[in-house]
There are 2 protein chains.
Amino acid sequence: MSTKINPDLQKERDQCTFDVTELTNLIDGGVEKTEERKKREEMALKENIHNDDVPSVYLSHKEKYELAVKKACLLFKMIRKLQEEENAGMENYMAVLGGNLGSAILSDGCPLTLHYVMFIPTVMGQGTVEQQAYWIGRAFNLDIIGTYAQTELGHGTFIRGLETTATYDPSTKEFVLHSPTLTSYKWWPGGLAHTANYCIVMAQLYTKGKCHGIHPFIVQLRDEENHMPLPGIKVGEIGAKLGMNGTNNGFLGFDKVRIPRDYMLMKNSKVLEDGTYVNSPSSKLTYGTMMFVRVMLVNDMCNYMAKAVTIATRYSAVRRQSQPKPNEPEPQILDYVTQQHKLLIGIASVYAFRTSANWLWLMYNNVTAELEAGDMERLPELHALSCCLKAASTADAAACVERCRLACGGHGYMLSSNLPLTYGLVTAACTYEGENTVMLLQTARFLVKAWQQAVSGNTLTPTVSYLGDLRNGRRSPPWDNTIEGIIAGFQRVAAGKIGQCVAQIEKRQKSGMSYEDAWNMTSVQLTSASEAHCRAILLATYFQETEQRAGGVSPALRRALRQLVDLYVVYWALQTLGDLLRFTSISERDIEQLQNWYEDLLVQLRPNAVGLVDAFDIRDEILNSTLGAYDGRAYERLMEEAMKSPLNAEPVNKSFHSYLKPLMQGKL
Amino acid sequence: MSTKINPDLQKERDQCTFDVTELTNLIDGGVEKTEERKKREEMALKENIHNDDVPSVYLSHKEKYELAVKKACLLFKMIRKLQEEENAGMENYMAVLGGNLGSAILSDGCPLTLHYVMFIPTVMGQGTVEQQAYWIGRAFNLDIIGTYAQTELGHGTFIRGLETTATYDPSTKEFVLHSPTLTSYKWWPGGLAHTANYCIVMAQLYTKGKCHGIHPFIVQLRDEENHMPLPGIKVGEIGAKLGMNGTNNGFLGFDKVRIPRDYMLMKNSKVLEDGTYVNSPSSKLTYGTMMFVRVMLVNDMCNYMAKAVTIATRYSAVRRQSQPKPNEPEPQILDYVTQQHKLLIGIASVYAFRTSANWLWLMYNNVTAELEAGDMERLPELHALSCCLKAASTADAAACVERCRLACGGHGYMLSSNLPLTYGLVTAACTYEGENTVMLLQTARFLVKAWQQAVSGNTLTPTVSYLGDLRNGRRSPPWDNTIEGIIAGFQRVAAGKIGQCVAQIEKRQKSGMSYEDAWNMTSVQLTSASEAHCRAILLATYFQETEQRAGGVSPALRRALRQLVDLYVVYWALQTLGDLLRFTSISERDIEQLQNWYEDLLVQLRPNAVGLVDAFDIRDEILNSTLGAYDGRAYERLMEEAMKSPLNAEPVNKSFHSYLKPLMQGKL
């Protein structure tokens, strides 16, 4: 295979106005961090676990699972070795499993992930010191493989509705796990089907005839020697899915399965030997994990978007189409403004969400520190933020990946582009860890409360302080057609929408509706208000954080980064003109200026498009795309990948003899 | 398996306010048409070709192809038998292959479809009488199996850019087919890889040293006896795709392959024995096929949307979640207004697009009749309409299917829901038969011309006559907050946007840009103008056609249908408030009324949601969904389908012994 770079792509790189490595270092967080990342990638990829003889897309569902187990085991072996050599902590597991690297090695999900991501953390967070001592050692050593079972066939986001029961029997000092209905079967946990032999099960705790709500229990599922399901355990896989077919999602039912009393994780709540229930001292602490996962998710979404825009942008530099001017060659499709419109906002979104994820991460750490000092004041704010950013980042990422895929025309539909698989992973996140509409309504609850506090004259926490300034239709300042002005406009939109929702709910209550019904009737508007709040936060954070670190950046790069911020803000202004027209004094003239500004920004950013995605520095092995590789040999790679199809190993498929020929000869 | 109906679903059916059968008949076009359809379905399904031992989602890529060939051959055998018995025409082939029925039997594409859909029609449309006599007989009899190869690795929508050459050699009276580059390889044609043995190839015709553009040639690809590729033919499959993995999409390259002169289809243009090229008398006629396919596509999109909303609506009646009011049971998720917001617009969209498709079909027939009488006046209008309706219907259908899938939460991600597969088929249509952005820009060209004609005082064809009334910022009438008023508002929006684009292009030209560059710079706005025009047409057509046939409908049904129209129009008004605020005099008060109207419509339509999808009358075998079956046994079916996974046939997978156990014992 030649390593020549496609000349169109080389031309793009030659014309880039800034130093790509400088930007890569900025994204990674410094030169050393870039080197660390590269070393980690090199280390993980040199083992060659990521390479398949036959691409897994050609395998049967069962073979896909078997390949995923093989690769996951080799990967875990590698991590364990590394762990022993370097005596490193959890971070190393996470660094290799998570982010781009994990999905490069196990492109459609890993059946062992939940062992590290949920099983061990839950034991650490909710087990007593003795329980930790016993289970964590075995788990770290991989003597056992665990997973985490919460969602049931009939219940997901609404956790209180879970039906699985754990009833304490003081006569034997055991809990009896039971699945009273079909809908109570656990459904979805990764690795549960045929991989894990232990599991943390979330179940309704009954003792002394009383239900105390959902608690975690460790249950052995399979024999450690022969892996057979233990008596009373009904376990299997849930079947083929849109994506993540390597994760081995399973179902699990219990027929009165008994476990020892101390298999209940009792750091917070306890059941004593006689069956007495002792309540948790601080149930708020379990919120932490959920928020942590959502913050991480925003970062994951940036990784997936970065992949998608890298693929689509490089391909758009290589692909030529049509002939708008007679006697001139076909332009690169990147020269079409409609194509720039699809791609550049995607590139900007990666930077915008990455910035917001970093900012949210700092806030998460601050709030966690305050929590440990007993201060819970900012917890609701963080919760509200993590909910709406989870919803916005997953929804925007899904839209971005699909836009990129469609921008590659027919070839984006090829699995070898890696865009469809990426979409499968991203769109799943719109549902898991809290369904997006539910998430937006959680944020809306917080916003409505904040509004009411503002009305009562209370001061508000930082991210909603703008509500205090703007509530009650206080006269708006005149529209200011600058980035700062647009951001202020978005805050007015959010405040205006929240205010309208509150008014609407009150009106409906006055007409005799219950609060719950009035809330439901207003819920479409409430999700919209929540989204407006989230947009205001995203724009402000992206702008402010970029300004703040502009000082340490070379002028050429600073210019490009600022153009991206402008593009992002102006794009969203144009997308939400209806809101701006309703809640600010923006004029038709302003709008026309914004439209021209946007088109000018596309022109200015066009020459740096490839540089901006090159700076994500995603190795070809990780990108794993025929269309997006660094060398731009898209057509050659499409053909090379096609030749790997087992169907192409034979000139004539056997179905010709058994069906086609008989049909053609009238003998079928 | 019990046939008991889920009581929640039964309750929905009991409360429906209209006669579902009346609506089914209305959709089908009369009682007899419903019966015909049911008979056809019964006939096609009783052969049991649609039933698989192992669901095809569990098979390997190669096995999926082999199963698809088997099913396609059995299906074609059935159709041929039917054909002989009833002496029926093409319609019967199309009726069984197309629409819902085809996708029920071959759920992920059929490797033989292009034989009937492209090969035979192209021979009929572009072959001489002699060529038709020779080829159509063989094709109808299935002595040969053909496909149609146009798109190449390097060129799709821009047909003039195709690179495959057909050079006439007068010395042997043959054409020499050749693929001069890698990018000239044919890429994408269905059935091309391992199924068809003949192919219509679109190639650049060279004779006497001159290129005459793209022409159709029949090429034999494989030996009729042993199916081996003929010398000089490089053929194979392009690899795994997001969907349609049963279609056997192929690539095809020629190394100086010779075919007889009369294998060029010569109804329109000819090459004489000495190599003289004789031009086509009416090249416009070939437009017809393309438009026909796009009109059909709008109907297909309705079928897919109907499936998706049927699945999601029935599941939303069965699924219960959360507990907004203490001490009350969990509500059906259909009771959440946010859920109604996602589903009801989908239901309305099916009716809206179906209505527009029927209307477009009538127009197509009229224009075709006029064409045959030599009148080409309305051809550009029809072309423009078919382009933007193709784009809008495929984009809206893709959004609708994904919204439905996500509205089913995690279970929508299961392939057994049939929503992911449906999305795969729908999203492909956003690209094939003309990429959507290109389509919108084609319509925009027509609209800009129409605008200029209006400026010159010419009368306009019917679908753009509103431009004449509204151009040049003529004073708008005051906003009228009714359905008719909203539709008029949409026309003002479209006119306003087209006018702005024209002004923008002229301004840019005056500043020194070429027309082509000015067009490109304005193209984001042009696509938006084109979409606005399309929305105006859709709303007006849906409203007017529904009003027109309201007379023949019972009052209860009429009310429901009118509510759907209202919902559709008000929904789109709320979606495009920015445009309405810019180009009409709509006020904040009007907007608040629209929002309330919309929420009221959701309440009014809620009790009929299940009835409205039941009326699509999609048999369970065709719907093929665990979540959407008529009896509402969603959870039972999910479990039954899961048990069909080959992974669940063994309690312990072999990978435990080869990888998991060694890993756990530290022996890997």
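The values are calculated or read from the model by the stated rules, or taken from the named source; none is laboratory data. Note that the coordinates shown come from a computational prediction; the quantities given were computed from them, not determined experimentally. Cβ coordinates were reconstructed from backbone atoms using ideal geometry, including for glycine residues, and neighbour counts include every protein chain displayed.
Only residues that are within 12 Å of chain B (Cβ to nearest Cβ), more than 26 Å from A:Gly434 (Cα to Cα) and β-branched (Val, Ile, Thr) were counted in the range A:139-194, giving 1. Being aliphatic (A, V, I, L, M), farther than 30 Å from A:Ile238 by Cα and in contact with a Gly (Cβ under 9 Å, 6 or more places away or on another chain) is a condition met by no residue of the range B:420-429. Residues of the range B:433-456 that are within 16 Å of B:Glu531 (Cα to Cα), more than 12 Å from chain A (Cβ to nearest Cβ) and of a type in the set (Gly, Ala, Ser): B:Ala450 alone.
Each residue in the range A:9-25 was checked for being closer than 21 Å to A:Lys38 by Cβ and in a helix (DSSP H, G or I), and 7 of them qualify. Any residue at all in the range A:288-308 that's out of contact with any Leu (no Cβ under 9 Å at 6 or more places or on another chain) and either within 14 Å of chain B (Cβ to nearest Cβ) or farther than 25 Å from A:Ala536 by Cα (or both)? Checked the range A:288-308: at least one residue is out of contact with any Leu (no Cβ under 9 Å at 6 or more places or on another chain) and either within 14 Å of chain B (Cβ to nearest Cβ) or farther than 25 Å from A:Ala536 by Cα (or both).
The single condition among (1) closer than 30 Å to A:Arg633 by Cα; (2) touching a Leu at 6+ places or on another chain (Cβ under 8 Å); (3) among the basic types (Lys, Arg) that B:Arg160 does not meet is (2).
Checked against the criterion of being charged (D, E, K, R) and either within 14 Å of chain B (Cβ to nearest Cβ) or free of Cβ contacts under 8 Å to residues at least 12 places away in the same chain (or both), the candidates A:Glu370, A:Glu377, A:Glu381 yield just one match: A:Glu370. Scanning the range A:605-619 for residues that are more than 13 Å from chain B (Cβ to nearest Cβ) and in a helix (DSSP H, G or I) yields A:Leu605, A:Pro607, A:Asn608, A:Ala609, A:Val610, A:Gly611, A:Leu612, A:Val613, A:Asp614. Within the range A:42-50, is there a residue that is within 30 Å of B:Glu66 (Cα to Cα) and either modelled with pLDDT of 85 or more or assigned to a helix (DSSP H, G or I) (or both)? Within the range A:42-50, one or more residues are within 30 Å of B:Glu66 (Cα to Cα) and either modelled with pLDDT of 85 or more or assigned to a helix (DSSP H, G or I) (or both).
Rundown of residues vs (1) under 26 Å from the mean Cα position of the chain (by Cα); (2) under 16 Å from B:Leu205 (Cα atoms); (3) crowded, with 22+ Cβ neighbours inside 10 Å, yes/no style:
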{"residue": "B:Pro121", "(1), (2), (3)": "yes, no, no"}
{"residue": "B:Thr128", "(1), (2), (3)": "no, no, no"}
{"residue": "B:Trp135", "(1), (2), (3)": "no, no, yes"}
{"residue": "B:Gly146", "(1), (2), (3)": "yes, no, yes"}
{"residue": "B:Gln150", "(1), (2), (3)": "yes, yes, no"}
{"residue": "B:Phe158", "(1), (2), (3)": "yes, no, no"}
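Taking first residues from the range A:141-168 that are in contact (Cβ under 8 Å) with a residue 40 or more places away in the chain and partners that are among the basic types (Lys, Arg) and part of a loop (DSSP other than H, G, I, E, B), the Cβ contacts under 8 Å between residues at least 6 apart in sequence or on separate chains come to A:Tyr168/A:Lys208. Taking residues in the range A:334-355 that are closer than 14 Å to A:Ala399 by Cα, and partners anywhere that are among the basic types (Lys, Arg), the pairs with Cβ atoms closer than 9 Å and at least 6 places apart or on different chains are A:Lys342/A:Arg403; A:Leu343/A:Arg403; A:Leu344/A:Arg606; A:Ile345/A:Arg403; A:Gly346/A:Arg403. Of all the numbered requirements in (1) within 14 Å of another protein chain (Cβ to nearest Cβ); (2) surrounded by 19 or more Cβ atoms within 10 Å (Cβ to Cβ); (3) not aliphatic (A, V, I, L, M), A:Glu63 misses one, and that requirement is (2).
Only a single criterion out of (1) farther than 30 Å from A:Trp572 by Cα; (2) within 11 Å of chain B (Cβ to nearest Cβ); (3) not aromatic (Phe, Trp, Tyr) is not satisfied by A:Ser523, namely (1). Take B:Tyr466 and decide whether it is crowded, with 21+ Cβ neighbours inside 10 Å, among the hydroxyl-bearing types (Ser, Thr, Tyr) and out of contact with any Ser or Thr (no Cβ under 6 Å at 6 or more places or on another chain). Against the criterion (crowded, with 21+ Cβ neighbours inside 10 Å, among the hydroxyl-bearing types (Ser, Thr, Tyr) and out of contact with any Ser or Thr (no Cβ under 6 Å at 6 or more places or on another chain)), B:Tyr466 qualifies.
Residues in the range A:576-596 that are outside any loop (DSSP other than H, G, I, E, B) and either crowded, with 18+ Cβ neighbours inside 10 Å or at pLDDT below 95 (or both): A:Leu577, A:Gly578, A:Asp579, A:Leu580, A:Leu581, A:Arg582, A:Phe583, A:Asp590, A:Ile591, A:Leu594, A:Gln595. Can you find, within the range B:403-417, the residue that is farthest from the other protein chains (Cβ to nearest Cβ) among those that are surrounded by 24 or more Cβ atoms within 10 Å (Cβ to Cβ) and under 19 Å from the mean Cα position of the chain (by Cα)? So the residue we want is B:Cys404.
Which of the residues spanning the range A:644-653 are at the interface with chain B (Cβ under 7 Å from one of its Cβ atoms) and either at pLDDT below 95 or not in a helix (DSSP H, G or I) (or both)?
To start, the set of residues in the range A:644-653 that are at the interface with chain B (Cβ under 7 Å from one of its Cβ atoms) comprises A:645-648, A:651-653.
Correct list: A:Ser645, A:Pro651, A:Val652, A:Asn653.
Listed conditions (1) buried (at least 16 other Cβ atoms within 10 Å of the Cβ); (2) over 22 Å from B:Gly409 (Cα atoms) are all met by B:Val613, apart from (2).
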